[in-house]
Amino acid sequence: MSELHPATSLGDVHESVDTTLKSKWRKILAFFGPAYLVSVGYMDPGNWATDLAGGSQYGYTLIWVLLMSNLMALLLQSHAARLGIVGGRDLAQANRDTYPKTVNFILYIFAEIAIAATDMAEVLGMAIGLQLLFGLPLIWGVSLTVLDTLLLLVLQRFGMRKMEAFIIALVAVIGVSFLWQLVMARPRLGEVILGFVPGLPDANALYIAIGIIGATVMPHNLYLHSALVQTRKIKRNEEGIRQSLCLNVWDSTIALNLAFLVNAAILILAATVFFKSGHHEVAAIQDAYKLLSPKLGTLAPILFAVALIAAGQSSTVTGTLAGQIVMEGYLHLRINPWLRRMLTRMLAILPALITLWLFGDEEINSLLVFSQVLLSFQLGFAVIPLIHFVSDKKSMGVFAIKPRTVVVSWLVALVLVYLNLRMVGSAAWNYVQKPGNTFIDILIVLATIGIVTLLFITLLYPLLQRRREQKITSIHQEQKPWGELQAPDYHCIGIALDFSQHDEKVIASALRNGNSSTQYILIHVVESAPAGWLGRESDDFETRKDREQLENYAAVLTHRGLQARAVLGYRQRAKEIARIVSEEKIDFLILGGHGHKGLKDWIFGETANQVRHAVKIPVLVVQ
């Protein structure tokens, strides 16, 4: 384990695939791959549970949710790819660079929860697949999934392209399996098309729809995609970046549409085989397996189980990579791949084992659906920062998304956040209404407030930061050439004196700022009791001595060939100095400062400070 400050994401395979090839087709094929690793998350076992539940309970009604989710996913994944290609940063790194430490830590925890939820679906899917094919008890199947932690380590030794080829092969297995089952089911095309008309029959349909969205648009995939595109070595000029963005859009479009077809096939299969035959409660994968045989023959359930294992195994690889990206991006912490994989897998296995131990196999499907709803709940905290980053013209330059795309992106984020808040709020309200849970009720209310607050912080903080930076950069006017700088020519300099050891320094400073034609006005304010009462009419001993001393100063200066004159003031120092400055038309004032503060200011007065505010000429304070 080591702390690092990574400049690159997935440093072991960063820019390991060269796309700067002369052959056109080899160059295009070199770009294809990252989106297929991402698409695995769109057809993992968690999707199966929500798709089966939607198809068996509502027929073809929720196909439009799959289509909407796929369009959302395509938009958001293209943003993630743009962030990685243009900014050279993955989403976790960009968040760390933007948000405060506390917010980043919470976002990191949420990202880890999302990855653990994804891995939980993979664990359960693998265990169910092994049970269906070999009759292995679920609790043993869940325990055995620890062994697949070694898979990623083996694949990484063969390089990025070999890993992508392995994943694409597993995706092909899933696709062919369901295509064959769909051919055997023979759904009616007209009825399927009607499923693209939006509608939600009841509140439970909303819960399943949110689960479908969570299973389709997965937060960890946004982190993953923004890092995987950086495994391609591209030309870092405008033309090279534009070409990379274009080809990655094609990569994402093909891969995610294949994932949509797989999900649609699962839902259509469930609607055709189960919903139409009156089996409306087939939400469990095991039930679907058992019912496929009498409906479609003995081959269909075998294909179903094989596809389930392939889906779980392929998702294992991408989940590990996402965990590595999140940990290194947020915490600048790198740990051994096997330890990272083991940590992620244990976080997924423990809830599954506890559920199996306490409730048995019956609650496994509920746990699968819950894992997907949990993923949907995390979406806002990944989507909102991502839109901020790709729409920022300062960091993205000419590659920032266009205003129309910004509007559509925020509408997508609004829909996702609204659905999540509605779901969480409804569940929390139903629980709070039950009697006898006062302490837990308070925790639920506080958690809800905290979640909403964090959503607002992730939304508003980048906007406030951007505005603050604009203010900082625009606080000064544009600097213009100064031209030739000339020293000011003062005609009349006032010198405020207090007959202390500082007088010599004050007078010397005045002489340095004057010239042979400058007139010097020597100022002293008499502060005796008679002077305070009689003003200019006073003729007490202190007044006479002060006048004599000031005239001696003037005589010394005059003897040196300078124009000097003594002027006394009376009563309040600051007001008298300001009056003399105005009457004598002084254009530069010099006075001594004693450097005291606090209580001494209150005792001795703040002459320098008061004078500065009372006159409209330059003032030099000599300490």
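Only one entry in I212, I254 is at pLDDT 90 or above and of a type in the set (A, V, I, L, M), namely I254. Look at the range 91-115: where a residue is under 18 Å from Q324 (Cβ atoms) and a partner is of a type in the set (D, E, K, R), sitting 6+ places away or on another chain with Cβ atoms under 8 Å, you get A92/E328; N104/R96. Given the structure, is S293 at pLDDT below 75, polar (S, T, N, Q) and assigned to a helix (DSSP H, G or I)? Judged against the criteria, S293 is a match. In this structure, R536 does not qualify as more than 19 Å from D503 (Cα to Cα), free of Cβ contacts under 8 Å to residues at least 24 places away in the same chain and not in a loop (DSSP other than H, G, I, E, B).
Are any of the residues in the range 583-600 under 18 Å from D503 (Cα atoms), at pLDDT below 90 and charged (D, E, K, R)? Checked against the condition, which is being under 18 Å from D503 (Cα atoms), at pLDDT below 90 and charged (D, E, K, R), the range 583-600 yields no hits at all. The single condition among (1) more than 25 Å from the chain's Cα centre (by Cα); (2) surrounded by 24 or more Cβ atoms within 10 Å (Cβ to Cβ) that G240 does not satisfy is (2). Any residue at all in the range 499-520 that's over 20 Å from L591 (Cα atoms) and loosely packed, with under 11 Cβ neighbours inside 10 Å? Yes. Meeting the requirement of 1 or more residues that are closer than 23 Å to L416 by Cβ, the helices (runs of 4 or more DSSP H) wholly within the range 1-116 are 34-40, 45-58, 63-82, 91-98.
Table: residues versus (1) of a type outside the set (A, V, I, L, M); (2) crowded, with 23+ Cβ neighbours inside 10 Å; (3) farther than 14 Å from I210 by Cα.
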position: F32; (1), (2), (3): yes, no, yes
position: M43; (1), (2), (3): no, yes, yes
position: L67; (1), (2), (3): no, no, no
position: L71; (1), (2), (3): no, no, yes
position: G84; (1), (2), (3): yes, yes, yes
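Among the residues of the range 523-565, the ones that are more than 21 Å from E584 (Cβ to Cβ) and basic (K, R) come to 2 in all.
Just one of the numbered conditions (1) modelled with pLDDT of 80 or more; (2) loosely packed, with under 14 Cβ neighbours inside 10 Å is not true of S395: (2).
Would you point out which residue out of V567, V556 is assigned by TED's automatic domain parsing to the domain that holds K585, more than 17 Å from C492 (Cα to Cα), modelled with pLDDT of 90 or more and not in a loop (DSSP other than H, G, I, E, B)? Let's see the steps before the verdict.
On the way: V567 fails: more than 17 Å from C492 (Cα to Cα).
Result of the check over V567, V556: V556.
Within the range 8-30, the set of residues being surrounded by 19 or more Cβ atoms within 10 Å (Cβ to Cβ) and among the polar types (S, T, N, Q) comprises S9, T19.
Of the helices (runs of 4 or more DSSP H) lying entirely inside the range 151-252, not one contains at least 3 residues that are in contact (Cβ under 8 Å) with a residue 40 or more places away in the chain and not assigned by TED's automatic domain parsing to the domain that holds V40. The single condition among (1) more than 29 Å from the chain's Cα centre (by Cα); (2) without any contact (Cβ under 8 Å) to a residue 60 or more places away in the chain that T145 does not satisfy is (2).
Which one is surrounded by the most Cβ atoms within 10 Å (Cβ to Cβ), of the residues in the range 46-65 that are of a type in the set (A, V, I, L, M) and under 28 Å from T405 (Cα atoms)? Outline the logic, then answer.
Step one: filter the range 46-65 for residues of a type in the set (A, V, I, L, M), giving 49, 52-53, 62-63, 65.
Remaining after also requiring under 28 Å from T405 (Cα atoms): 62-63, 65.
Working: L62: 27, I63: 26, V65: 29.
The residue in question is V65.
Within the range 485-524, how many residues are part of a loop (DSSP other than H, G, I, E, B) and under 58 Å from the mean Cα position of the chain (by Cα)?
Narrowing the range 485-524 to residues part of a loop (DSSP other than H, G, I, E, B): 485-491, 497-502, 513-518.
Retained after the next criterion (residues that are under 58 Å from the mean Cα position of the chain (by Cα)): 485-490, 513.
Number satisfying all stated conditions: 7.
The values are calculated or read from the model by the stated rules, or taken from the named source; none is laboratory data. Model, not experiment: these values are computed from the prediction. Cβ atoms come from the backbone with ideal geometry, glycine included; neighbour counts cover every protein chain shown.
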